[in-house]
Every structure is written in C-alpha cells, then in structure tokens.
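The values are calculated or read from the model by the stated rules, or taken from the named source; none is laboratory data. The model shown is predicted, which means the values in this text are computed figures rather than measured ones. Positions of Cβ are backbone-derived with ideal geometry, glycine not excepted, and every protein chain shown enters the neighbour counts. For accessibility, only protein heavy atoms count, side chains too; no ligands or nucleic acids. Shrake-Rupley method; radii C 1.70, N 1.55, O 1.52, S 1.80 Å.
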There are 2 protein chains.
Amino acid sequence: MFSFDLIKTNNNTRARLGKVHTSHGVIDTPVFMPVGTQATVKAMSPHELEEIGAKIILSNTYHLYLRPGHELVKEAGGLHSFMNWKGSILTDSGGFQVFSLGDLRKITEEGVEFRSHIDGSKHLFTPEKVMEIEMALGPDIAMVFDECVSYPTTHEYAKEAMERTTRWAERCLKAHDREDQVLFGIVQGGLYHDLRAISAQDLVSLDFPGYAVGGLSVGEPKPLMYEVLDSTVPLLPENKPRYLMGVGSPDCLVEGVLRGIDMFDCVLPTRIARNGTVFTKEGKLVIRNAKYKHDFTPLDHHCDCYTCRNFTRAYIRHLFNVNEILGLRLTTIHNLYYLLKLMENIRNAIAADAFLDFREEFYSNYQVNKV
Amino acid sequence: MFSFDLIKTNNNTRARLGKVHTSHGVIDTPVFMPVGTQATVKAMSPHELEEIGAKIILSNTYHLYLRPGHELVKEAGGLHSFMNWKGSILTDSGGFQVFSLGDLRKITEEGVEFRSHIDGSKHLFTPEKVMEIEMALGPDIAMVFDECVSYPTTHEYAKEAMERTTRWAERCLKAHDREDQVLFGIVQGGLYHDLRAISAQDLVSLDFPGYAVGGLSVGEPKPLMYEVLDSTVPLLPENKPRYLMGVGSPDCLVEGVLRGIDMFDCVLPTRIARNGTVFTKEGKLVIRNAKYKHDFTPLDHHCDCYTCRNFTRAYIRHLFNVNEILGLRLTTIHNLYYLLKLMENIRNAIAADAFLDFREEFYSNYQVNKV
C-alpha cells in the first residue's frame with residue numbers, strides 16, 4: 001500500500017509535483033514533514049497537526065528505541081496508535097543520531113556500538129537490529145541504517161562510509177519483511193560528487209521505492225549542498241520520491257524543490273519556535289526583542305494560522321518573558337504552519353508553471369540572514 | 001452589567017444553584033474558576049478553555065502588575081483582549097501574594113510595601129493603587145485589597161488584620177469607579193468565628209455585589225475550614241454570590257457547595273497536572289508510576305475529555321518520562337475538565353434535589369487521601 005504518482009515536472013526547472021500514497025493517506029509533494037522525535041511533535045497535539053494540514057510526520061528510531069522502547073510501542077499497536085496520529089509516519093534509522101554521539105560510539109562492519117546519551121548503557125545498532133526496531137515501530141516509511149559522515153571529512157573516509165552504507169542497505173533490504181511498510185535507501189558520499197554518483201547508482205540498482213539524500217545540512221555552506229543536489233538528484237529515478245534529510249529553513253526548501261526534491265524534514269521550525277524565533281514573510285523575527293513590547297499586531301501580517309488570527313506580538317512576547325508554555329505552543333504552531341503553507345504555495349506555483357516567479361518573489365520578501 | 005440570580009436552594013442543605021451575569025456571558029454556579037496567573041492558564045490555550053466549558057477564569061493582579069505591567073494590559077484593551085479570552089475574568093487583589101512574600105513585605109495602615117520576587121525592586125500596594133491596577137486590567141469582577149493572615153495566628157493579630165481589611169475595603173469602594181466592573185468584598189478573621197462574624201457584618205453593611213471568604217485553605221485542617229464556612233456563610237446575603245478563595249480539591253468543592261459557596265478557584269488542578277498527578281473518579285493517580293507502563297487505558301475510565309478520548313496512560317507516562325510538553329498539556333486539560341464536570345454534576349444534583357445523594361456517591365468512589 002505505497003505508491004508515488006509523479007503528476008508534473010516544472011517546464012524549466014527540476015521542481016515537480018507528486019502524490020505519495022500510504023495506508024494512512026495521500027501526501028501532496030513537495031512536502032515538509034514536522035519532526036516528532038519522541039512520539040510527539042514538541043508542544044503540539046496530533047489534533048493541532050491535523051488542523052495546520054500536516055499529512056506526514058517523522059519520528060526518531062534512536063530516541064524511541066531508548067524510551068519508551070520499540071517493544072512497548074509495538075504492544076500499543078505501533079506508533080500511529082501509541083501517539084494517536086492518523087496521518088502517515090516516516091522513521092529515520094537512528095544513523096544520524098548514533099554517529100552524532102562522537103566518542104560514545106564505535107563503528108564496525110557489523111554495525112555501531114554506542115552508549116545511550118541518557119544513562120550511558122551500551123547498545124548495538126546493526127542493519128538487522130534497526131530493521132527489527134523500525135518494523136516494531138510500524139511507520140509507513142522506514143529508512144535504511146546508514147552512516148552519515150560529519151563535515152568536513154576526507155575523500156577516503158567518505159568513500160569508506162558510503163560503501164559501508166550501501167552494504168548496510170543491502171542487509172536492511174534482506175532483513176526487512178513488513179509488507180505494509182516501505183524502506184527508503186539513503187545516498188551518502190559527503191560533498192564528493194563522484195562518491196554521490198556511485199552511491200546513487202548502487203542504491204538505484206537495489207530498487208528502493210524511494211530515495212533520500214543524507215549527510216547534507218551538517219555544517220557545510222549552503223551553495224555546496226545545492227551543488228551536491230544538482231549533481232545527485234538527476235541520478236535518481238524520476239518515478240520515485242526523493243527526500244532531502246534534515247533540511248527545513250524556508251530558503252533551503254525552495255532551493256531543494258528547485259533541484260527536484262519531494263520530501264523534507266527538520267527540527268529547525270519547532271526548535272527555534274521554542275526559543276521565540278518565528279518565520280515571517282520578511283524573514284525571521286525574535287519575539288523577545290524589546291521593540292515588540294507594545295506591538296499589538298500578529299507575528300506575521302500575512303499569516304492566517306491560529307496564532308496570527310488570535311494573538312499579538314506583545315502578548316506572545318509577554319508569554320516568553322514569563323516562561324509560559326502557551327508562548328512556545330503559539331510560536332510552534334505558527335512556524336509549522338508557515339512551512340506547510342510555503343510548501344502549498346510552492347505546489348500551486350509548480351502546478352501553474354510559475355515556480356521560478358514564485359522563487360523570485362519569495363526572495364524579494366524573505367531576508368535569509370535577518371534575525 | 002452584573003447580576004446574580006439565585007435559582008434554587010437545596011431543600012435540606014445550603015447548596016444553591018445560581019447564575020452570574022457579566023458582560024462576558026452567563027456563569028452557572030456553583031462554578032470552579034481555572035487560574036490564569038500570568039494572563040494564561042498554564043499550558044492551555046483560550047480555545048481549549050472554551051472547549052472544556054470554562055466560563056470564567058481568575059488572573060493575578062500581583063503577577064500582572066509586575067509583568068507585563070497593568071499599563072501595557074490597559075493599552076492592549078484590557079485583559080480579555082490581551083489574552084484573547086472571550087469569557088469572564090475575575091482578578092484577585094494581590095493581597096494573598098504580597099502577604100506570602102514574608103520578609104519581603106511590610107504592612108502599615110497605608111498599605112503594603114514589598115519587594116518583587118523577580119528582581120527585588122520596591123513597590124507599594126495601597127487599596128487605591130490596587131483599584132487603579134484592577135481597573136486597568138479590566139476584569140468583570142475585581143477583588144478588594146485585603147490582608148490574609150497565615151495559619152496559625154493569634155486572635156489579636158487576626159482581629160487587627162480583619163479590621164484593617166474592612167477599612168481597606170471602604171477605601172477600595174471609594175477608589176473604585178469603573179462602571180463595567182464589580183468589586184467583591186473579602187471576609188477575613190482567620191479561624192476565629194467571632195472575628196469572621198464581625199467581618200461579615202461590617203462588609204455586608206458596605207453592600208458589595210458579591211462576597212468572598214478569604215484566608216482559608218492556608219494550611220489548616222479541612223474540618224476547621226468547614227466549621228468557619230458553617231458559621232460564616234449564613235451571615236452573607238442570600239441574593240449575592242459567595243466565593244471561597246483558593247479552594248479546588250474535589251472533596252473541598254463538594255463540601256464548599258454543601259455550605260452554600262457559589263464560586264471557587266485554585267491552582268491545584270493545573271499545578272499537580274504539570275507534575276503528572278491527575279484526578280480520577282477513584283481519587284488521584286500519579287502517571288509516572290511504573291504500574292502504568294503497559295496500561296493502554298485512559299487516565300480516568302469515566303471521563304470523556306479530549307485526553308481520555310484520545311490517549312492512554314502508557315503514552316502519557318512516556319511523555320512525562322521524556323519531559324515532553326504534550327504530557328502536561330494532556331493532564332492539565334484532564335484535571336480542569338474533571339473539576340468543571342464535577343461542578344456540572346453538582347449543579348445537576350442540586351437541580352434534582354439530590355445533592356446529598358450525589359455527595360454520598362462521590363465519597364463512595366473518591367478516596368480523598370489516595371495518591
């Protein structure tokens with residue numbers, strides 16, 4: 001019960017319009033997936049996610065494996081049932097998280113031995129183990145266990161990790177046998193275009209139902225990420241969804257779509273919301289700023305989310321100043337709505353063959369470095 | 001635009017049914033008022049408060065005076081507009097808060113000089129100043145500035161404080177001149193029935209549109225509080241609402257109603273919710289308890305709130321274990337709904353002349369000391 005319809009490719013860019021079908025609904029692409037690390041999108045209820053139009057969320061295998069444990073989630077009937085989310089779910093593989101543990105992990109051909117960031121307990125993630133966990137969690141889309149190298153890294157190490165990722169992808173495919181769940185492959189290779197090409201080629205030969213581009217947005221300058229997309233995305237099959245992992249700033253979404261990406265996820269919108277930073281048509285806005293003390297207008301004058309329809313900058317600033325939970329609830333709703341609306345506008349622009357005009361107008365308003 | 005209709009008095013108790021009318025709606029009494037200390041009921045949105053049936057909330061003058069300042073709230077068009085709450089609002093007078101500051105405050109006939117608990121800055125609350133603040137905040141019901149003595153206290157001091165409270169009540173009445181806002185008097189006198197009687201008599205002669213019983217639930221055993229209500233409430237006018245300040249545990253609500261109280265407020269339901277303790281028909285439940293790890297049933301099997309309709313104990317326990325905001329949002333919704341529903345059931349029982357039966361059934365299920 002998974003399919004991807006490519007509806008349209010923009011006439012003069014790689015931007016495309018599609019539909020991902022899962023047993024939990026239809027997802028119009030390009031799409032942004034809010035992140036629900038610990039079986040909850042921080043500060044949001046599932047009902048509110050529905051209200052802002054989210055169709056698919058991401059959850060983290062590493063975190064759920066540690067707490068509450070994949071067996072408990074399985075016992076609850078899977079992640080959808082456990083967290084009462086009726087839409088689709090994608091889980092990452094924990095690859096990014098365990099590699100981010102630095103000294104707390106050791107990589108071998110077998111897998112990654114690591115210590116929990118919570119209690120220091122020892123664990124082993126192998127491709128087979130990760131498949132067991134993801135099958136227990138039961139998302140609609142699972143990701144293969146991959147190795148994500150840090151930036152910068154040598155060509156030699158990036159090659160080694162990329163090749164290991166491919167071998168692990170084969171092992172994941174063998175170990176995965178849940179019919180109502182699909183497995184996406186992940187292209188690695190750091191910022192080396194030759195390695196990315198090999199990775200893409202090898203994974204495509206394994207015939208995954210979807211492909212992610214991993215290991216980007218890990219500290220490299222944005223133009224380098226865009227160049228990797230320019231060279232890698234054309235190597236991926238036209239008729240399968242393409243997912244750029246960990247990317248979620250408004251400008252990067254526009255640039256990713258331009259280069260043929262269909263799916264995105266990132267903690268950025270929810271994380272900065274909890275610190276009081278929100279997206280607006282003009283760029284980012286820091287609500288604690290004194291200049292908003294007497295500002296009785298909405299966060300974003302062009303937005304019609306629950307927050308912007310009902311509350312003022314002055315009130316939300318007050319809530320942040322006195323550490324009230326409603327403050328970060330309101331900014332979280334707004335930031336997620338902003339990105340989902342941005343993706344909707346992008347889809348409409350592609351449908352109207354006007355994506356380049358849309359992009360131009362976007363940049364004429366949005367100041368990338370404004371805070 | 002304020003009136004109170006006494007609809008019915010229970011045939012064999014003092015329990016009564018009424019309607020308070022303000023320019024922001026009709027409030028069926030007996031009523032529990034959720035507390036929104038800093039212009040927000042912690043963890044709740046105004047929309048959610050509406051959904052659970054809240055008609056009136058309380059907000060704290062002391063806190064709002066310090067942050068964001070009553071002038072800013074006034075500039076926003078008052079508290080209703082500032083926090084976007086369409087129902088009624090009652091503000092306390094800050095009396096309880098400033099007296100709770102202990103060494104940080106000094107009481108004179110003029111008023112109370114105190115230091116802010118936030119930055120140590122010096123302030124003076126006089127009856128006139130508090131009226132200025134409450135008129136700026138703009139609730140439907142304002143409270144007089146009173147002195148709340150701690151428990152235990154001597155008869156001598158309780159008398160002195162009670163007499164001062166009456167003199168301050170007169171000054172409040174003189175200073176208050178906002179037509180669309182009413183001012184309630186507060187009966188004081190500690191646990192001394194003779195002082196309570198004098199206080200009630202003196203305040204009644206000042207003809208307030210409503211009366212609070214203050215200075216209870218400050219650490220004294222519950223039976224002593226009930227005795228004070230037994231002797232004091234009959235001295236208050238039948239045709240005016242009676243408000244028991246700071247009381248909100250389920251059993252105390254039942255006992256207060258039995259003794260003729262119409263209005264209650266308390267931070268208890270929201271505070272314990274944030275620690276993971278919830279009310280159920282059987283008594284309190286601590287969700288972090290290990291025995292709920294595999295419990296895929298609702299918090300309260302008899303409840304139909306948003307939380308109980310959608311989430312399990314196992315999931316909510318997980319949310320608390322990993323410090324997710326959704327956890328305390330769900331327990332807060334449940335606890336407030338529980339109390340509002342309890343009050344609705346109480347009103348129905350009074351209407352059916354079955355309040356004593358209701359009370360008996362309540363205690364046959366609810367274990368007061370269970371946690």
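Each stretch of four or more DSSP H residues adds -39500 (n - 2.57); spread over every residue of the protein assembly as shown, this sum gives -12000 deg cm²/dmol at 222 nm. The accessible area of A:H155, taken with all protein chains in place and a 1.4 Å probe, comes to roughly 70 Å². Interface burial in segment A:57-74 reaches 40 Å² or more for A:R67, A:L72, comparing the full protein assembly with the chain by itself; accessible area from heavy atoms with a 1.4 Å probe. Candidate cross-link partners of A:K222 among the lysines, defined by an alpha-carbon separation under 26 Å and a same-chain spacing of 8 or more, comprise A:K159, A:K240, A:K281, A:K284, A:K341, A:K370. Scattering from chain B was approximated by placing one identical point on each alpha carbon and applying the Debye formula without solvent; log10 I(q)/I(0) at 0.08 1/Å stands at -0.39.
Dipole orientation for segment A:26-105: of the candidates A:P68, A:S88, A:T40, A:P68 has the Cα lying most toward the positive pole (charges on Cβ; Lys, Arg +1; Asp, Glu -1). From the square roots a ≥ b ≥ c of the eigenvalues of the alpha-carbon gyration tensor of segment A:98-174, which class results: rounded (a/c under 1.5), prolate (a/b over b/c), or oblate? Oblate is the answer for segment A:98-174, as a/c is 1.5 or above yet b/c matches or exceeds a/b. The per residue volume of the convex hull around the alpha-carbon atoms of segment A:37-119 is 107 Å³. In segment B:223-340, the inverse of the mean reciprocal separation of distinct Cα atoms equals 15.5 Å; this is its Kirkwood hydrodynamic radius.
Roughly how many percent of the accessible protein surface of segment B:233-371 is carbon and sulfur, given a 1.4 Å probe and a whole-percent answer? Accessible surface attributable to carbon and sulfur in segment B:233-371 totals 46 percent.
Isolated cysteines of the protein assembly as shown, defined as having no other cysteine beta carbon under 4.7 Å away, are A:C148, A:C172, A:C252, A:C266, A:C305, B:C148, B:C172, B:C252, B:C266, B:C305. DSSP beta bridges confined to the protein assembly as shown are antiparallel in about 50 percent of cases.
In segment A:24-39, the residues that give up 40 Å² or more of accessible area when the other protein chains are added, compared with the chain on its own (1.4 Å probe), are A:Q38. Shown here for segment A:152-235: GluC sites (Glu not before Pro) in loop regions (DSSP other than H, G, I, E, B) with at most 14 other Cβ atoms within 10 Å, namely A:E179.
Each Lys or Arg adds one and each Asp or Glu takes one away; over the other residues whose Cβ falls under 9 Å from the Cβ of A:I287, this sums to +3.
Chain A packed on chain B takes about 3200 Å² of accessible surface away from a 1.4 Å probe, both sides summed.
With every protein chain present, what is the per residue accessible area of the protein assembly as shown (1.4 Å probe, Å²)? Walk me through the numbers before you get to the answer.
Values: 27440 Å² over 742 residues.
Per residue, the protein assembly as shown has 37 Å² of solvent-accessible surface.
Temperature 25 °C, viscosity 0.890 mPa s: under these conditions the Stokes-Einstein estimate for segment A:99-143, based on its Kirkwood radius over C-alpha pairs, is 214 µm² per second. All other residues whose Cβ lies under 15 angstrom from that of A:T232 are scored, Lys and Arg at +1 and Asp and Glu at -1, for a net of -4.
If you take all C-alpha pairs in the protein assembly as shown, what percent of them are over 53 Å apart?
Working: 62007 of 274911 pairs.
I get 23 percent for the Cα pairs in the protein assembly as shown exceeding 53 Å.
Taken about its Cα centre, the protein assembly as shown carries a charge dipole of about 480 debye when Lys and Arg each add +1 at the Cβ and Asp and Glu each add -1 at the Cβ. Overall size of segment B:189-237 from C-alpha positions, given as principal axis extents largest first: 31, 18, 15 Å. Only bridges with both residues in chain A count here: give the DSSP antiparallel percent, nearest 5. Given both bridge residues lie in chain A, the antiparallel proportion sits at roughly 50 percent. Surface composition of segment B:93-191: carbon and sulfur atoms hold 49% of the protein heavy-atom accessible area at a 1.4 Å probe. For segment A:144-202, trypsin sites (Lys or Arg not before Pro) meeting the loop criterion (DSSP other than H, G, I, E, B) and having at most 15 other Cβ atoms within 10 Å: A:R178. Remark on segment A:137-233: hydrodynamic radius 13.6 angstrom, per the Kirkwood mean of 1/r across alpha carbon pairs.
Nearest 20 debye, what's the magnitude of the dipole of chain A about its Cα centre given +1 on Lys and Arg Cβ and -1 on Asp and Glu Cβ?
Details: 40 positive and 47 negative charges, 264 e Å.
Dipole of chain A, to the nearest 20 debye: 1260 debye.
Of the residues making up segment B:275-315, those losing 30 Å² or more of accessible area when the isolated chain is joined by the remaining protein chains, with a 1.4 Å probe, are B:K293, B:H294, B:F296, B:Y306, B:N310, B:F311, B:Y315.
Overall size of segment B:34-74 from C-alpha positions, given as principal axis extents largest first: 30, 17, 14 Å. Between B:D265 and B:M33, B:G246, B:V247, the built amide H atoms are under 5 Å apart, and every one of these is 5 or more places off in sequence or on another chain.
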